[in-house]
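Written out below as structure tokens is the structure these notes cover.
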Amino acid sequence: MRVESESSGDNIPLLADTEKSPVDSNSRDGSIPGAVFNVSTTMIGAGIMSIPATIKVLGIVPGFLVIVLVALVTDITVEFMLRYSGSDKSITYAGMVSESYGKLGSLAVKICVIITNLGVLVIYFIILDVLCGRASKGVDQVHAGVVQEWLGFHWWTSRPFALLLFSVFLILPFLLLRRMDSLSYSSGISILLALVFVAISSSMAFYALWSGESQSLRIFPDFSQFSVLDIVTTIPVFVTGFGFHPYVHPIRAELREAGDMRVAVRYSLIICVAIYFATGFFGYLLFGDSIMTDMLVNFDQSSNTHAGRLLNDVVRLSYALHLALVFPVINFTLRLNIDELLFSQDDNKPELASNTPRFLGLTLSLFAFTYALAVAIPNIWYFFQFLGSTTIVSLAFIVPPAIILRDIYGIATTKDRVLAIVVALLAVVTSGVAIWTNLYT
């Protein structure tokens with residue numbers, strides 16, 4: 001099928017607008033609010049704690065402009081993806097890519113999604129050290145978690161055991177849900193917990209401002225402290241946050257109308273921009289140039305009173321629960337892509353959600369593997385920086401333009417092609433500079 005494009009190129013319809021979502025009609029009862037919650041929670045993940053540090057480098061005004069710019073580019077690339085998601089193969093990102101670039105392109109995207117999501121899940125486990133800690137009795141290294149601070153050092157408060165109990169009783173039940181829309185409630189709670197964190201941070205910042213203890217803010221970059229390369233390397237942090245592209249198709253597949261996904265994405269981007277800037281601004285106002293790459297470290301170091309320690313515990317607990325509720329959404333897409341990779345040769349296989357042995361086998365295996373990897377490798381922040389500069393950039397800002405340039409349906413306009421080239425070039429340049437800078441330093 002070849003769809004002729006309008007000469008103006010202003011209102012190109014989604015291919016899927018003339019079709020229903022590519023799943024069974026019984027499962028197409030997802031709502032726009034549910035999609036907004038699921039998309040938003042994937043953006044407001046671990047990266048939110050790094051936003052104040054990027055604001056310190058960029059300054060308040062450029063920081064806000066970069067957040068908005070990355071959000072606008074994200075909206076463009078998601079629009080590209082949705083426009084070419086019209087067949088029953090487009091239940092996953094890789095399925096959409098296979099229509100334009102065949103099995104090899106689909107395989108490359110599956111590998112990128114699996115590497116990215118698996119790495120992010122392991123990082124989420126590691127960040128949960130705010131609860132479980134990485135200290136052992138008699139060892140003066142790293143900080144103790146909330147559990148160890150409250151209950152002391154015992155074998156049952158050790159990091160491996162406490163992390164296992166926490167994940168089995170809180171994370172695993174959500175992993176066993178078989179539809180993305182079923183996770184919308186937990187995603188809504190996750191966003192609420194993020195708002196609690198923002199509210200606490202802003203309250204502390206306003207109190208510090210009232211008491212005359214707030215830090216001076218840098219409106220524009222200070223090139224006496226930071227180089228142009230330092231500024232460029234902040235962009236992958238935002239790209240990592242806005243890189244929700246692998247989750248678009250599983251969420252879209254459960255909506256009543258395929259076009260509803262475009263609405264959900266734009267609402268989600270507005271929410272994310274607001275939370276990102278609020279977190280960055282108030283975190284920077286509160287801690288100033290002493291802000292760490294992970295703002296939680298600043299909260300660990302700023303408790304001198306009982307009230308302060310209680311407030312810090314609330315911050316850490318709310319953030320840990322927030323990540324625990326984001327975990328199942330990311331795992332959902334990871335599981336779907338691994339299933340496609342392993343069983344792609346079987347055209348008659350039932351859907352993963354309807355095949356209980358396959359579903360449980362994949363779910364429990366992934367859960368055990370990510371837990372074991374997180375316990376064995378307690379610090380992979382350099383790997384996280386690498387993901388933000390490579391696989392996430394590719395999935396978010398290189399593959400969608402490549403689909404537009406391929407244009408198998410003949411619906412791309414000149415404006416689309418120009419935008420695709422510009423976005424891809426910006427992604428390649430910033431990613432290359434970020435990788436070179438990280439290796440060089």
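The values are calculated or read from the model by the stated rules, or taken from the named source; none is laboratory data. None of these values were measured; they are calculated from a predicted model. Cβ: placed from backbone, ideal geometry, glycine included. Neighbour counts: every protein chain shown. Surface accessibility is based on the protein's heavy atoms, side chains included, excluding ligands, DNA and RNA. Shrake-Rupley method; radii C 1.70, N 1.55, O 1.52, S 1.80 Å.
Remarks
- Scanning segment 311-338 for residues that are open to solvent by 10 Å² or more (accessible area, probe 1.4 Å) and either of a type in the set (Val, Ile, Thr) or not in a helix (DSSP H, G or I) (or both), we see that the one that is modelled with the lowest pLDDT is 314.
- Listed conditions (1) within 24 Å of residue 103 (Cα to Cα); (2) in contact with a Phe, Trp or Tyr (Cβ under 6 Å, 6 or more places away or on another chain) are all met by residue 350, apart from (2).
- Count of segment 15-48 residues, restricted to those that are in a helix (DSSP H, G or I) and modelled with pLDDT under 80, is 9.
- Helices (runs of 4 or more DSSP H) enclosed by segment 214-306 - at least 2 residues per element that are at pLDDT 75 or above, buried (at least 23 other Cβ atoms within 10 Å of the Cβ) and within 21 Å of the chain's Cα centre (by Cα): 235-242, 248-252, 260-287
- For first residues located in segment 163-185 and under 17 Å from residue 122 (Cα atoms), partners that are assigned to a loop (DSSP other than H, G, I, E, B) and lie 6+ apart or on another chain with Cβ distances below 7 Å form the pairs 163/128; 166/128.
- Filter result for residue 63 (of a type in the set (Gly, Ala, Ser), part of a helix (DSSP H, G or I), open to solvent by less than 40 Å² (accessible area, probe 1.4 Å) and more than 18 Å from residue 237 (Cα to Cα)): no
- Test: residue in segment 78-99 that is modelled with pLDDT of 85 or more, open to solvent by 10 Å² or more (accessible area, probe 1.4 Å) and closer than 20 Å to residue 318 by Cα: no
- Only one of the numbered conditions (1) open to solvent by 20 Å² or more (accessible area, probe 1.4 Å); (2) at pLDDT 85 or above; (3) in a helix (DSSP H, G or I) is not met by residue 429, and that is (2).
- Just one of the listed residues (202, 187) is under 15 Å from residue 329 (Cβ atoms) and in a helix (DSSP H, G or I), namely 187.
- Tally, over segment 407-422, of residues that are assigned to a helix (DSSP H, G or I) and in contact with an Asp or Glu (Cβ under 9 Å, 6 or more places away or on another chain): 3
- All told, residue 109 falls short of being crowded, with 23+ Cβ neighbours inside 10 Å, within 20 Å of the chain's Cα centre (by Cα), at pLDDT 90 or above and under 25 Å from residue 267 (Cα atoms).
- Residue list for segment 72-113, restricted to those being of a type in the set (Asp, Glu) and either without any contact (Cβ under 8 Å) to a residue 40 or more places away in the chain or not in a helix (DSSP H, G or I) (or both): 88
- Pairs meeting the criteria (first residue in segment 114-128 and on the phi > 0 side of the Ramachandran plot and of a type in the set (Val, Ile, Thr), second residue modelled with pLDDT under 85 and open to solvent by less than 10 Å² (accessible area, probe 1.4 Å), beta carbons under 7 Å, at least 6 apart or on different chains) are lacking.
- Some residue of segment 343-351 being modelled with pLDDT of 75 or more, out of contact with any Gly (no Cβ under 8 Å at 6 or more places or on another chain), part of a helix (DSSP H, G or I) and surrounded by fewer than 23 Cβ atoms within 10 Å (Cβ to Cβ): yes
- Here the condition is being farther than 24 Å from residue 228 by Cβ and touching a Ser or Thr at 6+ places or on another chain (Cβ under 8 Å); of 39, 66, 78, it holds for 39 alone.
- Some residue of segment 220-241 being touching a Gly at 6+ places or on another chain (Cβ under 6 Å), touching a residue at least 40 places away in the same chain (Cβ under 8 Å), of a type in the set (Ser, Thr, Tyr) and within 20 Å of residue 123 (Cβ to Cβ): yes
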